[in-house]
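To start, the structure under review is shown below, and the notes come after it.
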Amino acid sequence: MEKRTGVRVYNVMFPLWMLVWWPSWLWLALIPLNYGIDALVLRLSLPADTDRAAFVRKHTWKICLAGFASDFLGSALLFAVYAFTPGDPLSYNLAYAPFGNAAALAVTLTALVLSAGAIFLLDRRILRRAGLDPGKARRAARNLAVFTAPYLFLFPSGLLYR
């Protein structure tokens, strides 16, 4: 009989924002939920003179992908700061208690604004290419950026591990 060798991880604690990088069964719930929220915000943001149902059905998947890409961008910033400050109180607070110190909160808010800005820019481009005029595309993209920004970055993951 062959003996298995390898690394076993029994207890892994990582920040909640890192789930974006960890493919798991959770994505099976996260993707449809994100798609539904994007579709709702887009539908409510479109002007009345637009065929909302057809527009949402045709373009929400692009907006959903842009949202995930933007979330990856923000979490990459968080991960970079986390990885380059090991053992530092900033690193701990960034991962588990973003409200624990001012520097961690500043980095987290920067990542949140970076993600929201990317959502705005990408969605505005998608909506302009879909045929919306610039003002309507800007308004819808702004609403998507505000309502679908990754506010989960602010969640203190340490609450889950107590």
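Please tell me if Leu33 is modelled with pLDDT of 90 or more, crowded, with 20+ Cβ neighbours inside 10 Å and more than 12 Å from the chain's Cα centre (by Cα). Judged against the criteria, Leu33 is not a match. For segment 107-115, check the following and say yes or no: at least one residue is surrounded by 15 or more Cβ atoms within 10 Å (Cβ to Cβ) and closer than 18 Å to Val41 by Cα. Within segment 107-115, one or more residues are surrounded by 15 or more Cβ atoms within 10 Å (Cβ to Cβ) and closer than 18 Å to Val41 by Cα. Does at least one position in segment 114-125 carry a residue that is free of Cβ contacts under 8 Å to residues at least 12 places away in the same chain and at positive phi? No - not one qualifying residue is present in segment 114-125.
Filtered by the rule that a residue be outside any helix (DSSP H, G or I) and touching a residue at least 12 places away in the same chain (Cβ under 8 Å), segment 37-54 gives Leu46, Pro47, Thr50.
Please verify whether Phe155 is touching a Phe, Trp or Tyr at 6+ places or on another chain (Cβ under 9 Å) and within 24 Å of Pro23 (Cα to Cα), treating the condition exactly as stated. Talk me through it step by step, then tell me what you get.
Numbers: touching a Phe, Trp or Tyr at 6+ places or on another chain (Cβ under 9 Å): yes; within 24 Å of Pro23 (Cα to Cα): yes.
Yes: the conditions hold for Phe155.
Within segment 55-68, being more than 13 Å from Leu132 (Cα to Cα) and either in contact (Cβ under 8 Å) with a residue 60 or more places away in the chain or touching a strand residue (DSSP E or B) at 6+ places or on another chain (Cβ under 7 Å) (or both) holds for Lys58, Lys62, Ile63, Ala66, Gly67. Determine if segment 79-94 includes at least one residue that is within 15 Å of Trp21 (Cα to Cα), of a type outside the set (Phe, Trp, Tyr) and crowded, with 17+ Cβ neighbours inside 10 Å. Within segment 79-94, none of the residues are within 15 Å of Trp21 (Cα to Cα), of a type outside the set (Phe, Trp, Tyr) and crowded, with 17+ Cβ neighbours inside 10 Å.
Evaluated against (1) within 16 Å of the chain's Cα centre (by Cα); (2) loosely packed, with under 15 Cβ neighbours inside 10 Å; (3) aromatic (Phe, Trp, Tyr); (4) within 30 Å of Tyr161 (Cβ to Cβ), Phe99 falls short on exactly one condition, (1).
The values are calculated or read from the model by the stated rules, or taken from the named source; none is laboratory data. Everything numeric in this text was worked out from a predicted model, so none of it was measured. Note that we place each Cβ from the backbone using ideal geometry, even for glycine, and neighbour counts take in every protein chain shown.
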